[in-house]
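Below is one structure, written out as structure tokens; the observations come after it.
The values are calculated or read from the model by the stated rules, or taken from the named source; none is laboratory data. No experiment lies behind these values; they were computed from the predicted model shown. Here the Cβ positions follow ideal geometry from the backbone for every residue, glycine too, while neighbour counts run over all protein chains shown.
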Amino acid sequence: MLIKNIKKLIQTQDLKMPIKGTKMQLIPSIDNAWILTEDDKIKSFGEMKDCPTMENEQVIDANGKLVLPTWVDSHTHLVYAAPREEEFVMRLKGKSYQEIAEAGGGILNSAKKLQATSEEELYESAWKRLQEVISMGTGAIEIKSGYGLSLEAELKMLRVIKKLKENSPIPIKATFLGAHAFPAKYKENHQAYIDLIINEMLPQIAKEGLADYIDAFCEKVAFSVKETEQIIKAGAQYGLKAKVHTNQFNCMGGIELCVANNALSVDHLEVINENEIAALENSYTIATLLPTAPFFLSDPYQPARQIIDARIATALASDYNPGSTPSGNMNFVISLACIKLKMTPEEAINAATANGAFALEMQNEVGSIAKGKKANLIITEEIPSMGFMPYSFGRNHIDQVIINGKQFNYEP
Ligand code: NIG
Ligand code: FE
């Protein structure tokens with residue numbers, strides 16, 4: 001496929017390291033450009049004056065349109081049994097997310113529903129969500145377990161993710177999040193549930209090759225720092241790097257723990273103090289910001305300026321889940337990152353493409369326009385500039401999504 005007359009071809013770089021600090025302001029791009037794909041890969045690209053003449057290829061005229069790599073959504077809970085709009089209404093009437101969780105709602109509510117749902121039904125609904133997010137420009141995604149909370153149901157979720165991986169047109173990474181919440185029967189005996197995760201769930205998951213990463217919800221309402229430490233150390237025994245939910249509500253040492261254990265990412269970060277920012281500086285760990293979660297829960301937004309200005313590698317992801325973010329629309333994530341987190345359009349797009357790819361260790365496959373990478377591309381509508389995408393929030397401005405070098409058609 002040849003795409004020609006592109007007004008601007010955006011993010012034309014091949015990176016060996018995540019983008020940090022003032023470099024986040026820059027996105028290499030080519031004005032008046034073309035790009036050629038071969039099979040599922042990017043073959044070559046350049047300025048229109050050097051455009052190859054093609055006879056048998058499919059040619060798309062992108063006059064007035066921008067082309068950029070698809071979004072990399074490095075944090076989602078895409079597999080779930082049912083929405084939770086009743087809790088949304090409870091919050092509108094004054095209950096907090098934590099109060100609902102403590103009363104057995106929240107994650108435990110989702111777990112109850114998931115345990116009663118078949119693998120086939122879970123697969124069908126997740127497949128639809130996957131199609132929907134691809135049509136909104138997502139071209140690589142991470143999906144977590146964590147609504148099972150028993151050996152059987154966690155395995156069921158991870159098998160659904162495995163089947164999605166096998167059939168999905170976009171690459172998927174799977175994360176085991178057995179440590180999402182304590183089931184009611186372990187409320188007074190946390191260690192017994194942690195032992196179940198470590199001694200029963202993890203060995204079976206490793207045996208079946210069902211997870212790429214391990215996660216825990218490190219918060220006062222969920223797992224303590226000491227409990228999280230046990231989980232990520234056990235994951236490491238099976239070669240699973242950590243991507244950890246922390247600092248959504250509380251600063252309690254989760255970030256320091258993750259940095260000390262070389263976690264791949266720390267995710268959420270609505271609240272973060274100076275010591276925690278200092279711990280992340282010069283570390284291997286990526287800060288993954290999820291702005292649609294505080295948008296939906298009316299919580300404080302992530303202090304992205306301090307994080308980026310401290311030269312911490314920063315990614316953006318959707319957190320798509322039925323409780324705190326019932327949307328997987330990365331275009332809106334990018335708008336919110338600009339409007340509320342005060343990221344520039346360049347910073348937000350770098351965070352949602354290149355740095356998102358690093359947060360999934362898929363930087364050689366996706367996240368930028370480079371020879372040999374996957375031909376997963378967004379062709380925008382005719383729009384004036386890149387900044388128009390986040391500015392004009394609530395509309396996606398996507399004309400076409402190209403996945404594996406082919407036009408993607410949304411078929412729910
Ligand atoms: O990332 N905070 C923990 N996990 C999810 C929400 C889970 C839920 O409410 O179902 C999150 O926000
Ligand atoms: Fe999450």
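Of all the listed residues (374, 340), the sole one being in contact (Cβ under 8 Å) with a residue 24 or more places away in the chain, touching a Phe, Trp or Tyr at 6+ places or on another chain (Cβ under 6 Å), charged (D, E, K, R) and more than 16 Å from ligand 2 (Cβ to nearest atom) is 340.
Scanning the range 125-166 for residues that are under 15 Å from residue 410 (Cα atoms) and over 16 Å from the mean Cα position of the chain (by Cα) yields 125, 127, 128.
Yes/no matrix, rows are residues, columns are (1) out of contact with any helix residue (DSSP H, G or I) (no Cβ under 6 Å at 6 or more places or on another chain); (2) in a loop (DSSP other than H, G, I, E, B):
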{"position": "365", "(1), (2)": "yes, yes"}
{"position": "368", "(1), (2)": "no, yes"}
{"position": "372", "(1), (2)": "yes, yes"}
{"position": "378", "(1), (2)": "yes, no"}
{"position": "384", "(1), (2)": "yes, yes"}
{"position": "389", "(1), (2)": "yes, no"}
{"position": "395", "(1), (2)": "yes, yes"}
{"position": "400", "(1), (2)": "yes, no"}
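Checked against (1) modelled with pLDDT of 95 or more; (2) away from ligand 2 (no atom under 13 Å from the Cβ); (3) out of contact with any Cys (no Cβ under 7 Å at 6 or more places or on another chain), residue 218 passes all but a single condition, namely (2). Residues considered: 174, 192. Of these, the only one that is on the phi < 0 side of the Ramachandran plot and surrounded by fewer than 20 Cβ atoms within 10 Å (Cβ to Cβ) is 192.
Quick grid of which residues meet (1) of a type outside the set (A, V, I, L, M); (2) closer than 19 Å to residue 80 by Cβ; (3) in contact with a Gly (Cβ under 7 Å, 6 or more places away or on another chain):
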residue: 137; (1), (2), (3): yes, no, no
residue: 162; (1), (2), (3): yes, yes, no
residue: 166; (1), (2), (3): yes, no, no
residue: 176; (1), (2), (3): yes, yes, no
residue: 193; (1), (2), (3): yes, no, no
residue: 211; (1), (2), (3): no, yes, no
residue: 214; (1), (2), (3): no, no, yes
residue: 218; (1), (2), (3): yes, no, yes
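Of the residues that sit in the range 143-166 and are more than 25 Å from residue 228 (Cβ to Cβ) and out of contact with any Leu (no Cβ under 9 Å at 6 or more places or on another chain), which one is farthest from ligand 2 (Cβ to nearest atom)? Going through the qualifying residues, I end up with 166. Residues in the range 1-36 that are under 29 Å from residue 337 (Cβ atoms) and of a type in the set (S, T, N, Q): 11, 12, 13, 22, 25, 29, 32. Got at least one residue in the range 201-219 being of a type in the set (S, T, N, Q), out of contact with any Pro (no Cβ under 9 Å at 6 or more places or on another chain), in a helix (DSSP H, G or I) and surrounded by fewer than 20 Cβ atoms within 10 Å (Cβ to Cβ)? Yes - at least one qualifying residue is present in the range 201-219. Quick one: is residue 357 small (Gly, Ala, Ser), within 16 Å of ligand 2 (Cβ to nearest atom) and closer than 19 Å to residue 130 by Cα? No. Being buried (at least 17 other Cβ atoms within 10 Å of the Cβ), more than 16 Å from ligand 2 (Cβ to nearest atom), touching a residue at least 24 places away in the same chain (Cβ under 8 Å) and among the aliphatic types (A, V, I, L, M) is true of residue 140.
Scanning the range 392-412 for residues that are exposed (fewer than 15 other Cβ atoms within 10 Å of the Cβ) and of a type in the set (Phe, Trp, Tyr), we see that the one that is modelled with the highest pLDDT is 393. Among all positions in the range 236-251, there is at least one residue which is part of a loop (DSSP other than H, G, I, E, B), over 19 Å from residue 320 (Cβ atoms), within 14 Å of ligand 2 (Cβ to nearest atom) and touching an Asp or Glu at 6+ places or on another chain (Cβ under 6 Å).
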